[in-house]
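Let me begin by presenting the structure, written as structure tokens, before commenting on it.
The values are calculated or read from the model by the stated rules, or taken from the named source; none is laboratory data. All values reported here derive from a predicted model rather than from experimental measurement. With ideal geometry, Cβ positions are generated from the backbone for all residues, glycine too; neighbour counts draw on all protein chains shown.
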Amino acid sequence: MQGLGLPVGAAILLGAVLEFNEQLERIGSIYYLIYAIAHSLDADLARSLPGLVVWTVAVSVLVHGISVTPLMNLHDRLQKRV
């Protein structure tokens, strides 16, 4: 249990940062990956797909983290004009 501190801490932090809908989308990606693997997905594909899914989720989190503040500032400026 001691070796799980960093991943569990990172998961808790990640969960605190993400909005609820985004969490569901990312959980959905992992759910469908597991579903596909459990339902006779080709073995080679089953070995390579988890890396792609994890990479895609990580990039999504990064892009959202970088873009959310500038986009919200733009939205606020546009709302003030109306």
Regarding Arg26, is this residue of a type outside the set (A, V, I, L, M, F, W, C), part of a helix (DSSP H, G or I) and at pLDDT below 85?
yes
Could you grab me the full set of residues in the stretch 50-64 that are surrounded by 11 or more Cβ atoms within 10 Å (Cβ to Cβ) and either in contact with a strand residue (DSSP E or B) (Cβ under 9 Å, 6 or more places away or on another chain) or within 15 Å of Ile27 (Cα to Cα) (or both)?
Pro50, Leu52, Val53, Val54, Thr56, Val57, Ala58, Ser60, Val61
